[in-house]
1. Take the residues in region 90-111 that are outside any strand (DSSP E or B) and buried (at least 16 other Cβ atoms within 10 Å of the Cβ), then tell me which one is modelled with the lowest pLDDT.
2. Cβ-Cβ distance below 6 Å, separation of 6 or more or different chains: which pairs start in region 43-55 with a residue that is modelled with pLDDT of 95 or more and end on one that is surrounded by 10 or more Cβ atoms within 10 Å (Cβ to Cβ)?
3. Tell me, yes or no, whether region 130-149 has at least one residue that is over 27 Å from residue 73 (Cβ atoms), exposed (fewer than 12 other Cβ atoms within 10 Å of the Cβ), out of contact with any Ser or Thr (no Cβ under 9 Å at 6 or more places or on another chain) and outside the structural domain of residue 72 (by TED's automatic domain parsing).
4. Only one of (1) without any contact (Cβ under 8 Å) to a residue 24 or more places away in the chain; (2) in contact with a Gly (Cβ under 7 Å, 6 or more places away or on another chain) fails for residue 133. Which number is that?
5. Find the residue count for region 164-178, including only residues that are of a type outside the set (Ser, Thr, Tyr) and modelled with pLDDT under 80.
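The values are calculated or read from the model by the stated rules, or taken from the named source; none is laboratory data. Given the structure is predicted, the values throughout are model-derived calculations rather than measurements. Neighbour counts run over all protein chains shown; Cβ positions are idealised from the backbone, glycine included.
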Amino acid sequence: MKKPSPSLKGNERRLAVIAAAVIGSWVVLSWGLQPLWTHAADLRLETESQTERLMKLTRLIQEAPAIEQDYSAVASYLSPQSGEQAHRAFLAELENLTRDAGLHMNLKPRTGKQETHQSRFEVELEVSGSQPQLMQFMDSLLALPRLVTIERLRIASMPSSQDTVRAQLVLQGIVPNS
């Protein structure tokens with residue numbers, strides 16, 4: 001007796017082919033194409049970050065001469081000095097600022113503080129002049145490349161003259177130790 005051969009009828013054969021195609025497509029997508037797409041996305045992100053880093057470095061290289069020029073302008077202030085030298089230089093700068101602004105000045109240096117990495121010194125300063133002169137002086141003071149802290153600031157008009165303004169400041173200069 002002959003065994004019946006397992007043959008599929010037309011509709012069953014079509015369903016089996018479609019099922020095999022769907023399962024085959026799913027296998028190819030999940031094990032073949034999906035890892036490739038993920039890897040391509042990772043490469044795209046890495047390329048974008050490297051491109052951004054390269055653009056920043058290019059911009060920095062183009063700005064290097066200006067950065068070096070700015071650094072050379074303030075390098076002398078960053079070099080360590082003895083506390084006394086820095087104090088004298090700071091007082092000379094204050095005198096130059098008041099002279100340039102056309103103000104009258106009264107200076108009272110205070111004792112400094114030595115810390116581990118820096119020296120601090122204070123100066124009590126009283127300046128008087130017109131309001132535009134005082135504003136020019138304050139602007140120049142804040143533009144100093146030295147580290148300066150304004151501990152106290154009092155501005156008042158002079159009772160003897162309506163055009164004259166007096167400012168009392170306590171300034172603290174900070175310099176690195178050698």
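1. Step by step, filter region 90-111, then rank; the result is 90.
2. Between residues of region 43-55 that are modelled with pLDDT of 95 or more and residues that are surrounded by 10 or more Cβ atoms within 10 Å (Cβ to Cβ), there is no close pair.
3. no
4. (1)
5. 5
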